[in-house]
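Shown next, in structure tokens, is the structure this report addresses.
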Amino acid sequence: MGIHEAKRHVIAVETPSGANKIFALGYSKSDSSIFIDLPYLECGGLIGVATGIRNETGILSDRGFKPFATTKHGIKFSYHPDGTTHFSQDGKINKTLPHRGIPLAEKTGPICTITAYGLDRFRRASQKDLQEDPAKKGIWALTSSKELPGVAFTVFLKREVDVLVPPSEGVGSPIGTVTTPAGSITLPAIAIGQPSADRYHDKVLVVAFRWLEMVSTPSGSCLLFQGPYVEIPEASSPQGKLVAQSIVYSASLAEDLPSSIPSVDR
């Protein structure tokens, strides 16, 4: 697939009723830290830790959820070169759930999943946005010919050399494919690289996606972020147990629970 260089990309979904922004991601100019920004569903959120077994597409199944804090703002997830990850939003919330993981120079594989339902309540992308060159403007609209209850994304980190198309094959299509680590599922994906002048590491963000057509869906619009994953050995499961930093929008999905949880808003 082709690699599109941009400091920031917005991922949107376009259906017959319009295009809606789901999340943004990209790189810090100062040190090539990775960020994933979730400002497009305007409702309060619940921050916590999810546990369970990860399935083939990277989503935790049979998960539990331990709440940590609430917020009225969209969260920004950051992954720094030294491996530190945390949630924040500049000037709006305090940093939460910091974790020291694998340095970016050594990390490959899935880093998070993002699931969105009720797309019509996410912020609308304008026609002017959609008419710009995506590689220049930084907006990618994934198009469906029919209305959808939702969409799921898995964001991978890959080495640039593993994503680049050989010269004999041309520049590559904007949408390619990525195969999940076990090799049994292939998903459509786009690749987003760092601007050439700002690179501090050789990693590329690959965003894989799949349309959700489940019969049973949440009653309202919602967004779920999970990642990065930390594996904990568990005797009862050969796959081990996974823990993931998580955000749930809207917090009302947890019913009355948010009323007893502190806020991290400044």
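Do the conditions hold for Arg63, that is, is it under 26 Å from Val151 (Cα atoms) and either modelled with pLDDT under 90 or not aliphatic (A, V, I, L, M) (or both)? For Arg63, the condition - under 26 Å from Val151 (Cα atoms) and either modelled with pLDDT under 90 or not aliphatic (A, V, I, L, M) (or both) - is met.
Matching residues to (1) over 21 Å from the mean Cα position of the chain (by Cα); (2) modelled with pLDDT under 75; (3) crowded, with 16+ Cβ neighbours inside 10 Å:
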site: Pro174; (1), (2), (3): no, yes, no
site: Leu187; (1), (2), (3): no, no, yes
site: Ile192; (1), (2), (3): no, no, yes
site: Asp198; (1), (2), (3): yes, yes, no
site: Val206; (1), (2), (3): no, no, yes
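The values are calculated or read from the model by the stated rules, or taken from the named source; none is laboratory data. The shown structure was predicted, so the numbers you read here are calculated from the model rather than taken from an experiment. Glycine gets a Cβ as well: all are built from the backbone with ideal geometry, and neighbour counts include every protein chain shown.
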